[in-house]
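Working notes for the structure below.
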Amino acid sequence: MKRTHNSNGSQRHAKVSRATLLLLLSVLISSCGFKLRTMPILPEQLNTLSLSCELKANWRLCQNVRNLLQESGVSIRDDAPLELTLGVTEDKQRTYTLASDASAAEYQLIQKVNYQLRDKQSERMLANNTVSSSTVYQHNASSVLAKDRENKALRAQLSEQLAADIIRELSFVKVEPPADE
């Protein structure tokens, strides 16, 4: 008995396999929380800003905001007409849930920062807001060193989230010329 190779069947099978694989990958990626990050479009008047922050208190947040601004096409210069000022980042950690022996089972990390956008010439305040971000992680007393590293990584993620929130909020700021007095 002679077998003939059906190329149409194998091509159809390959297409179905690729489609199934793509569907499986997309479900897998979306289920793990992966999201494409889109940069908000900032008003044209924010194309040049000066950035002021207390570097020792929130160096990481300042760098994250600076990077996101530059990725959005903003030129950061000291002589810019508008100034974005970041306040000191408040870090809090609190017990989120308790274990059966009344020890902490989970902790919540919270970061909060106030930012201001003002016109340097007229001293007019264009934005004065506070953004906050939080996350919860499980506590295991037997792996303190690993949890310390996890805590630092989570704080870095919170700082990135705060920076993204600030940039997103700046995209809604209406910058109008000051009224003549």
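Assorted remarks:
- Estimated at 0.36 nm per residue, the fully extended path between ILE76 and SER52 surpasses their Cα-Cα distance by 7.6 nm.
- Applying the Karplus relation 6.51 cos²θ - 1.76 cosθ + 1.60 with θ = phi - 60° to the range 53-63 yields 3J(HN,Hα) values of 8, 6, 4, 5, 6, 9, 4, 4, 4, 4, 5 Hz, where x marks Gly and Pro.
- Label zone at GLU83 (point 7 Å along Cα-to-Cβ), backbone N below 13 Å, the range 113-142: 116-126
- As a ratio to 2.2 N^0.38 Å, the alpha-carbon radius of gyration for the range 42-85 is 1.10.
- Rg/Rh (Cα only; Kirkwood hydrodynamic radius) as it applies to the range 57-171: 1.10
- Per-residue HN-Hα couplings for the range 150-160 [Karplus 6.51, -1.76, 1.60; θ = phi - 60°; Hz; x = Gly/Pro]: 4, 4, 5, 5, 5, 5, 5, 5, 5, 4, 4
- Additional length obtainable on full extension of the chain from ALA146 to LYS174, 0.36 nm per residue less Cα span: 5.6 nm
Just so you know, all these numbers are worked out from the coordinates, no wet-lab data involved. Keep in mind that this is a model prediction, so the values were computed, not measured. Note that each Cβ is placed from the backbone with ideal geometry, even for glycine, and that neighbours are counted across all protein chains shown.
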